[in-house]
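A.B. asks: Attaching a single structure in structure tokens format; questions to follow.
Each reported figure results from applying straightforward, stated rules to the coordinates on display, with no laboratory input. What you are looking at is a predicted structure, and each value in this text was computed from that prediction instead of being measured. For neighbour counting, all protein chains shown are included, and Cβ atoms are generated from backbone atoms with ideal geometry for every residue, glycine included.
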Amino acid sequence: MNRGLKNGLIYITYAVFLLLVISNLGYIWGFLDKVISVTMPVIYGFIIAYVVNFPFKFLMAKIMPDFGKEGSRMSKLRMPLSLIFSYLVVGGLIVFLISSLAPQIVDSVNTFINNFQSYVDSLMGWVSDIMIKLKLDPITQDEVTEKVQEFFQKFSTEDIANLVSKISPHIVGITKSIGGQIYNWVLGIFVSVYFIISKEELIRHLKKIIDAVFSSKNAYRLKKVGTITNTIFGKYMVGKALDSIIVGILCFLGMKILGMDYYVLIGVIVGVTNFIPFFGPFIGAIPSAFILLMVDPIQAIWFVVFIFILQQMDANILQPLILGDSMGVSGFWVVVSCIVGGGMFGIVGMIVSLPIFAIIYLLTGRVVNRQLESKGLPTDGSNNAKPIEIEFNHKTKKRNGIIKSAFGKFKLMGKSIHKKLKK
């Protein structure tokens, strides 16, 4: 078959396939959503296994490397014991955090709700004092007071009661959804055990499939991409989790030393939201500052200053120390990746967008550098080649001369007409 005809048929096939995908996008998304919902326990199992694998590898390599003689019964217990201790460590840490923080968070929320009206009255008094000191006219004072009151009326007890009455009919659905999620996570724990036990075999089978399907060169590249992805994701997730815990603890201690209210609740909010790159500090600081604004506006001001200092210390000291240069992505691309990831997949997208983009950025950079090296060009962007100069041939120069001569004649004719009109 003619090569041009063959390429044309390939392009037509791709175009028809693309049109079919676009025209049936709704059905495809629906199908994918169903597939994801069915395989959710497996996805949760993979996530749990990925987290538990870190202490599991540490126990196997550092704590129990020589547990029992080779081939003895004790040596056979090395893997199951490491696995059990890994789940106990992760589960115990989660239970400890929930059991120690949850009661205080609940107490803080209840206290805030019970004292909400008194906080509003106190804030209104503070606003009135400010307006008096600014010597605003009475009409302006009334307008400002009315606007502030309208804003806080949205959070009144009646509105909360109306919200509860609207949610009540959907309680059964919400309960089913929560029950389904608990079922998926419990099933995911069992799946994760099989993931960890069989991970070597699964990886070996995956490598065999890659070697069978792809050429040796592409198979090597694909396995290299897998290694890079695992390394970047592992370093980022562990490092970011440690960084967020430290930031949350520092926020808790700093607020307690400064005598601020709701330091437990706000410390948890700041620590959790710090996991989100770039936007996390703002997402955590805004509701926290609002809570303190209701209690005492002066506290809210000091909190904003404190959070600014804390985030600067985190960005310039903690993150470089913990994460190092594992991402290798500039601030601009961090913002872009968070916006795109958050817009497509919400909070989860914002969290995983940075390591995913870092992987794409790294692989793209390697491909570009390889192409530049093949052309004998520097990979640091320091190519100072001169701009291309356009060389005219004899006919082009002759044609340009005729055009220039014609314009000259028109110019002389115009001057002559102008002189005659003057006379």
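A.B. asks: Calculate, for residue 34 and residue 182, the FRET efficiency according to 1/(1 + (r/R0)^6) with r their C-beta to C-beta distance and R0 30 Å; round to the nearest 0.05.
C.D. replies: Values: r = 21 Å, r/R0 = 0.69.
Here the calculated transfer efficiency is 0.90.
A.B. asks: Sticking with this one: Just add up the charged neighbours of residue 322: K/R +1, D/E -1, any other residue whose Cβ is under 10 Å from the Cβ of residue 322.
C.D. replies: Details: positive: 235, 240; negative: 243, 314.
Around residue 322, the charge tally is 0.
A.B. asks: Over region 211-355, one equal point on each Cα, no solvent: what is log10 I(q)/I(0) by the Debye formula at q = 0.12, 0.16, 0.19, 0.20 Å⁻¹?
C.D. replies: -0.56, -0.87, -1.11, -1.18
A.B. asks: Just subtract the alpha-carbon distance of residue 257 and residue 313 from 0.36 nm times their residue separation and send over the number in nm, one decimal. Provide the component values of the computation, followed by the final result.
C.D. replies: Details: separation 56, 0.36 × 56 = 20.16 nm, distance 1.77 nm.
Extra length from residue 257 to residue 313 when fully extended: 18.4 nm.
A.B. asks: Sticking with this structure for a sec: Between residue 332 and residue 46, what is the label-point separation in nm under the 7 Å Cα-to-beta-carbon projection?
C.D. replies: Roughly 3.3 nm, to one decimal.
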